[in-house]
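The values are calculated or read from the model by the stated rules, or taken from the named source; none is laboratory data. None of these values were measured; they are calculated from a predicted model. A quick note on method: Cβ atoms are made from the backbone with ideal geometry, for glycine too, and the neighbour counts reach across all protein chains shown.
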Amino acid sequence: MITDIKKLDYVKRIYKKPPDKYTRLSEIIGWPRDEEWMRDLPHLNHGMKRRRGTVCPCVYEKYNEVTNRAIVNYVSELLESSVLIILSIKNVKGVISMIDGVHTALAYDRLGMTKVPVYINSKSLPFGVCYKDYVIDRYENELKVNPVSGRYESK
């Protein structure tokens, strides 16, 4: 369970807009991952190559690794701390696919939650779970990042 009040408040602020609806994870394509992916470096920050393979310092402090598994574990703990993290999906003619939220979908699945909150076809998407101004890379380096609004524009 996460007890960092500043962290919990940040995540609640990022996801303050209520979900469009709740849907079953089984209806969403594009989120299941295999064990190799769980061990792999995360691909965060939506295409910013300089920051690929990084985790927020909170994840690193808790799990001492820079992996997708560490992020899924951390997000699971956030969800257990009564934080609502909303997935972003696209619905095109009844085909529901993941835009953003793979780590979160895996965390919901791990916790046995089959109905999850979603934003549908949203252009402005929330992301992230950290308010700190740096990330940790696989070599344990701190990379400075600008504090962000917690949103990015979908293509």
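Filter segment 40-67 for residues that are modelled with pLDDT under 55 and in a loop (DSSP other than H, G, I, E, B) and give the result.
Matches in segment 40-67: N45, H46, G47, M48.
For the condition more than 27 Å from M1 (Cβ to Cβ) and of a type in the set (D, E), what is the one hit in E27, E77?
Working: E77 fails: more than 27 Å from M1 (Cβ to Cβ).
Criteria check complete, one pass: E27.
Which numbered condition trips up W37, out of (1) surrounded by fewer than 19 Cβ atoms within 10 Å (Cβ to Cβ); (2) in a helix (DSSP H, G or I); (3) of a type in the set (F, W, Y); (4) at pLDDT 95 or above?
(4)
Read through the list (1) within 23 Å of V145 (Cα to Cα); (2) surrounded by 12 or more Cβ atoms within 10 Å (Cβ to Cβ); (3) not small (G, A, S), then give the number of the only condition that K6 fails.
Against the list (1) within 23 Å of V145 (Cα to Cα); (2) surrounded by 12 or more Cβ atoms within 10 Å (Cβ to Cβ); (3) not small (G, A, S), K6 comes up short only on (2).
Restricting attention to segment 86-143, which residues are touching a residue at least 60 places away in the same chain (Cβ under 8 Å) and among the β-branched types (V, I, T)?
I86, I89, V95, I96, V102, T114, V116, V118, I120, V129, V135, I136, listed by residue number.
Looking at (1) of a type outside the set (D, E); (2) modelled with pLDDT of 90 or more; (3) outside any strand (DSSP E or B), find the lone condition where S149 falls short.
Only one criterion is unmet by S149, namely (2).
Let me spell it out: the conditions are (1) closer than 28 Å to Y139 by Cβ; (2) at pLDDT 95 or above, and V102 meets all of them except one. Which number is the exception?
(2)
What is the residue count in segment 97-126 for residues that are surrounded by 17 or more Cβ atoms within 10 Å (Cβ to Cβ) and outside any helix (DSSP H, G or I)?
11
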